[in-house]
Amino acid sequence: MTLPRGFKANAEREATRLRKELGISPAAPLDVRQLAEHMGVAVVSADRLVDRARLEELERLQAFSFSAATFDVRGNSYVVTNPLRSEGRIFSDIAHELSHLLLKHELSEIRELDDVPFRTCQPNEEEEATAFGGTLLLPRALLLDAARRGLKPDAIATENRVTLEMARYRYNSTGVAKQITRRSS
């Protein structure tokens, strides 16, 4: 699947707008919990809702089957995260779920997991939320600033509390890696 024309540029603009609303610079790390609060979304660790042992059992039975989910309860949005994930993965998962809300995705597709039906977004909407979530966490301006300071993806990941995979993906897919390489040649 491919993102709609202009999606990436719009995502960058929206990430900049949200950072401005939060009073942080385009190159500053984003605390996704602060963004969630700004949006009126509560972030809840799943172990506050169910026994941690049940989450560990689910993980043992089907690894990575649950990372995060968004629920609307009486007009209030809640993002429920999996406490078994790393901090960087949890931040990515929150950003992904907030992206669904910001993009106004509707739960429309019904799937079954172990004979339990649940609603999810269309695959193209999942792709959009993944791309936008990465942009929220690591917009191009932040990556350029970090690269100009000599930071590589591992240091970018640490400084911004994201996974190394996310930092590498955004560093390479935004063209920052090539841009910095050309400048130093």
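Details
- Restricting the range 151-168 to residues that are crowded, with 17+ Cβ neighbours inside 10 Å and touching a residue at least 24 places away in the same chain (Cβ under 8 Å), the residue that is nearest to I24 (Cα to Cα) is N160.
- Every residue from the range 128-174 that is out of contact with any helix residue (DSSP H, G or I) (no Cβ under 8 Å at 6 or more places or on another chain) and more than 25 Å from S86 (Cα to Cα): D145, R149, G150
- Unique match (being part of a helix (DSSP H, G or I), within 26 Å of A36 (Cα to Cα) and either of a type in the set (G, A, S) or touching a His at 6+ places or on another chain (Cβ under 7 Å) (or both)) among A147, A177, A167: A167
- Of the residues G40, G6, the single one that is at positive phi, touching a strand residue (DSSP E or B) at 6+ places or on another chain (Cβ under 9 Å) and not aliphatic (A, V, I, L, M) is G40.
- Residue match in the range 47-64 (condition: surrounded by 16 or more Cβ atoms within 10 Å (Cβ to Cβ), of a type in the set (D, E, K, R), at negative phi and part of a helix (DSSP H, G or I)): yes
- When E106 is tested against (1) surrounded by fewer than 14 Cβ atoms within 10 Å (Cβ to Cβ); (2) in contact with a helix residue (DSSP H, G or I) (Cβ under 9 Å, 6 or more places away or on another chain); (3) in contact (Cβ under 8 Å) with a residue 24 or more places away in the chain, exactly one condition is not met: (3).
- When A27, A36 are checked against the criterion of being aliphatic (A, V, I, L, M), touching a residue at least 60 places away in the same chain (Cβ under 8 Å) and part of a helix (DSSP H, G or I), a single residue qualifies: A36.
- Cβ separations smaller than 9 Å between residues 6+ apart or across chains give no pair from the range 53-68 residues that are free of Cβ contacts under 8 Å to residues at least 40 places away in the same chain to residues that are loosely packed, with under 15 Cβ neighbours inside 10 Å and part of a helix (DSSP H, G or I).
- Filter pass, H100 being assigned to a helix (DSSP H, G or I) and touching an Asp or Glu at 6+ places or on another chain (Cβ under 8 Å): yes
Rundown of residues vs (1) within 19 Å of L3 (Cα to Cα); (2) modelled with pLDDT under 90, yes/no style:
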position: A53; (1), (2): no, no
position: D72; (1), (2): no, yes
position: T81; (1), (2): no, no
position: S86; (1), (2): no, no
position: I90; (1), (2): no, no
position: K104; (1), (2): yes, no
position: V116; (1), (2): no, yes
position: C121; (1), (2): yes, yes
position: E128; (1), (2): yes, no
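- When residues in the range 11-24 are screened for being of a type outside the set (G, A, S) and part of a loop (DSSP other than H, G, I, E, B), 1 of them pass.
The values are calculated or read from the model by the stated rules, or taken from the named source; none is laboratory data. Only a predicted model underlies this, so the values are computations on that prediction, with no experimental measurement involved. All Cβ positions, even for glycine, are placed from backbone atoms using ideal geometry, and neighbour counts span all protein chains on display.
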